[in-house]
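Asks: This is the structure, below, for whatever I ask next.
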Amino acid sequence: MKLFILVAVFGLSLAQHDAHLKYGRTAIVHLFEWRWADIAAECERFLGPKGFGGVQISPPSEHIVLDSPFRPWWQRYQPIGYNLCSRSGNEDELKDMITRCNNVGVNIYVDAVINHMCGAGGGEGTHSSCGSWFSASKQDFPTVPYSNLDFNDYKCNTASGEIENYGDKYQVRDCRLVSLLDLALEKDYVRGKVADYMNKLIDMGVAGFRVDATKHMWPGDLEVVYGRLHNLNTNWFSGGSRAFIFQEVIDLGGEAISSSEYFHLGRVTEFKYGAKLGTVFRKWNNEKLCYTKNWGEGWGFMADGNAVVFVDNHDNQRGHGAGGASIVTFWDSRLYKMAVGYMLAHPYGLTRVMSSFRWDRNFVNGKDQNDWMGPPSYGDGSTKPVPIYSDQTCGDGWVCEHRWRQITSGQKEGSRCTGKQIQVGGDGRAHFRISNQDEDPFVAIHAESKL
Ligand code: QV4
Ligand code: CA
């Protein structure tokens with residue numbers, strides 16, 4: 001009997017590691033700040049046909065709307081409630097996107113901001129994406145509702161109420177991250193509201209969640225919340241499927257909290273991956289590509305089945321979060337194509353491709369003054385659609401790395417390959433040359449792209 005229970009609990013938690021990708025699909029893409037209407041169209045015209053497994057979307061929950069700086073991208077990481085209207089669109093558009101993407105085999109993963117609400121200095125009024133009233137100063141969020149009883153101030157042990165020392169796991173979890181009002185996830189009431197929010201999305205058809213700021217929440221609290229989640233919608237997923245959970249924990253070593261505290265709950269972001277890959281492709285510290293022949297666990301990364309990996313993310317491509325100077329982004333396009341090509345070809349972790357927007361970088365003493373800039377928008381702050389040109393690239397400041405030819409790789413078109421053509425002998429060997437002068441100095445061979 002005891003053994004049986006052990007197996008059942010183990011099975012349940014492992015289930016949350018499964019991204020439920022449809023057959024033959026292996027990578028997901030973060031369409032950072034895209035509108036729901038554009039994601040729906042992208043699933044049908046590109047992601048479905050090209051074999052992408054899923055999309056990580058920006059937080060769909062109601063968020064603060066800021067004037068200064070004007071509409072920063074990070075306002076979406078300051079929820080004021082769980083209504084589903086955001087800078088990307090309203091609830092109907094969200095639902096339509098989930099349905100249309102699921103119908104072409106592309107899963108949707110929601111960025112869930114459940115550690116906190118808006119910043120303590122967020123004021124009072126209806127400056128929010130659905131127009132709901134809230135008061136940051138009174139800690140009053142009537143649309144949920146949360147009141148001042150639902151926050152962690154009574155537990156936090158620092159004088160400022162902020163996280164002051166990442167060496168102390170109590171402050172990291174019970175105090176405010178950059179002044180963001182910290183939810184008391186130990187309370188059954190708060191757990192219930194968070195689970196209701198996530199369940200509404202599951203019922204609409206999402207396949208799982210990126211859990212924002214996981215390091216700042218206790219594993220025991222999360223276990224209860226995840227345990228209350230519904231099974232996935234059987235219109236698209238087989239009966240009994242559990243939501244895929246991948247948790248944002250930045251663990252480069254040397255802090256009180258480590259990624260491994262969350263492995264039993266779902267996958268975890270492996271931030272060492274992009275940081276190390278950057279040093280290899282930049283040839284820093286005498287790194288060489290040939291040293292990566294044991295790339296993955298051999299480099300001290302977490303176990304394959306626990307990891308979500310990426311070259312860069314929406315934070316560290318603009319100096320937020322962690323990863324350091326080595327991170328390669330679309331700004332270094334030639335290196336970036338090589339690094340992403342390498343990641344996609346390598347069998348380690350669940351791979352996530354970043355899809356960004358451009359902004360006007362302005363470095364003063366090494367710090368980008370414009371790292372706050374939001375997506376391409378009109379004067380009133382509303383986000384612009386993503387125009388697609390006939391050569392398949394995107395316009396209006398949308399970078400669309402996921403559409404770069406080298407990242408989708410060569411295609412088979414009729415009787416020819418659009419990429420490099422390579423002869424593979426019956427013995428499985430091939431002879432080919434890669435010059436370091438090539439514009440794209442790498443080759444990835446896909447077993448099913450043959451003539
Ligand atoms: C500022 C000061 C505070 C001060 C406060 C006073 O920094 O010390 O107390 O004013 O009002 C924005 C501003 C930030 C501001 C804060 C509150 O940038 O300067 O505080 O708002 O007004 C994103 C951005 C943050 C942004 C936040 C909320 O990166 O800059 O803060 O959204 O809008 C750690 C965590 C990790 C986190 C990473 C960035 O362990 O979990 O930092 N990553 C995730 C997301 C990230 C997001 C958050 C967490 C928060 O990926 O995008 O932060 O949801 O490593
Ligand atoms: Ca917390």
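The values are calculated or read from the model by the stated rules, or taken from the named source; none is laboratory data. Predicted, not measured: the structure shown is a model, and the values here were computed from it. Backbone-built Cβ (ideal geometry, glycine too); neighbour counts: all protein chains shown. Please note that ligands, DNA and RNA were not included when accessible areas were found on the heavy atoms of the full protein model with its side chains. Shrake-Rupley method; radii C 1.70, N 1.55, O 1.52, S 1.80 Å.
Asks: What accessible area per residue comes out for the chain, rounded to a whole number of Å², with a 1.4 Å probe?
Replies: That works out to 44 Å² per residue.
Asks: When Lys and Arg each count +1 and Asp and Glu each count -1, what net charge do the other residues less than 11 Å away from Ile407, Cβ to Cβ, add up to?
Replies: Around Ile407, the surrounding residues sum to +2.
Asks: Hey, what do the phi angles of region 176-190 turn into as Karplus ³J(HN,Hα) couplings, whole Hz, using 6.51/-1.76/1.60 and θ = phi - 60°, x for Gly and Pro?
Replies: Each residue's phi maps through the Karplus curve to give 7, 7, 5, 6, 6, 5, 8, 6, 8, 6, 7, 7, 4, 4, 5 Hz.
Asks: How many percent of the accessible area of the chain is carbon or sulfur, using a 1.4 Å probe? Write out the running numbers ahead of the final one.
Replies: Values: 10120 of 19820 Å².
Carbon plus sulfur share of accessible area: 51 percent.
Asks: Residue by residue through region 50-63, what is 3J(HN,Hα) from phi via Karplus (6.51 cos²θ - 1.76 cosθ + 1.60, θ = phi - 60°)? Round to whole Hz and write x for glycine and proline.
Replies: So the J values, rounded to whole Hz, are 8, x, 6, x, x, 10, 8, 9, 5, x, x, 7, 4, 10.
Asks: Go through the cysteines of the chain and tell me which have no other cysteine Cβ under 4.7 Å away.
Replies: Cys118, Cys290, Cys417 - these cysteines have no disulfide-compatible partner (Cβ-Cβ under 4.7 Å) in the chain.
Asks: Which of rounded, prolate, oblate describes region 292-358, given a ≥ b ≥ c as roots of the alpha-carbon gyration tensor eigenvalues and a/c under 1.5 marking rounded, otherwise prolate only if a/b is larger than b/c? Could you put the intermediate results ahead of the total?
Replies: Working: a/c = 1.88, a/b = 1.53, b/c = 1.23.
Prolate, because a/c is 1.5 or more and a/b exceeds b/c.
Asks: Count the net charge of all other residues whose Cβ sits under 15 Å from the Cβ of Ala37, scoring Lys and Arg as +1 and Asp and Glu as -1.
Replies: -3
Asks: If amide hydrogens are placed 1.01 Å from N in the peptide plane, which non-local residues have theirs closer than 5 Å to the one on Ser179?
Replies: Under 5 Å from the amide H of Ser179 lie the amide H atoms of Ile163, each far enough along the sequence or on another chain.
Asks: For Ala27, what residues show an amide H to amide H distance below 5 Å, using hydrogens built from the backbone and excluding near sequence neighbours?
Replies: Those lying under 5 Å, H to H, from Ala27 are Gly53.
Asks: Note down the nm distance, to one decimal, between modelled labels 7 Å out along Cα→Cβ at Glu91 and at Val364.
Replies: 4.3 nm
Asks: In terms of the Cα gyration tensor, with a ≥ b ≥ c the square roots of its eigenvalues, is region 91-130 rounded because a/c is under 1.5, prolate because a/b exceeds b/c, or oblate?
Replies: It comes out oblate by the Cα gyration axes.
Asks: Related question: Hey, could you get me the Stokes-Einstein D for the chain, Kirkwood radius over alpha-carbon pairs, 20 °C and 1.002 mPa s, rounded to whole µm² s⁻¹?
Replies: Values: Rh = 23.0 Å.
Translational D for this selection: 93 µm²/s.
Asks: Still on this model: Going by the alpha-carbon gyration tensor, a ≥ b ≥ c the square roots of its eigenvalues, is region 269-419 rounded (a/c under 1.5) or, if a/c is not under 1.5, prolate (a/b greater than b/c) versus oblate?
Replies: Since a/c reaches 1.5 but b/c is at least a/b, the shape of region 269-419 is classed as oblate.
Asks: Length gain on complete extension for the stretch Phe442 to Arg416, per 0.36 nm per residue less the alpha carbon to alpha carbon distance?
Replies: Result: 7.4 nm gained on full extension.
Asks: Report the residues of region 178-194 in range of a label on Asp153: point 7 Å along Cα→C-beta, backbone N strictly under 14 Å from it.
Replies: So the set is 179-184.
Asks: A follow-up question, please. According to the Cα gyration tensor, what semi-axes, each the square root of 5 times an eigenvalue, does the equivalent ellipsoid of region 412-451 have, listed from largest to smallest in whole Å?
Replies: 19, 15, 8
Asks: Before rounding to the nearest 500, sum -39500 (n - 2.57) across all DSSP H runs of length at least 4 in the chain and divide by the residue total; then give [θ] at 222 nm in deg cm²/dmol.
Replies: About -6000 deg cm²/dmol.
Asks: Same structure again: Of the DSSP beta bridges with both residues in the chain, give the percent that are antiparallel, rounding to the nearest 5.
Replies: Around 40 percent of the beta bridges assigned by DSSP in the chain are antiparallel ones.
Asks: Ser137 to Lys283: extension gain in nm, 0.36 nm per residue of separation minus the Cα-Cα distance? Don't skip to the end; give the middle numbers.
Replies: Working: separation 146, 0.36 × 146 = 52.56 nm, distance 4.91 nm.
My answer for the length gained is 47.7 nm.
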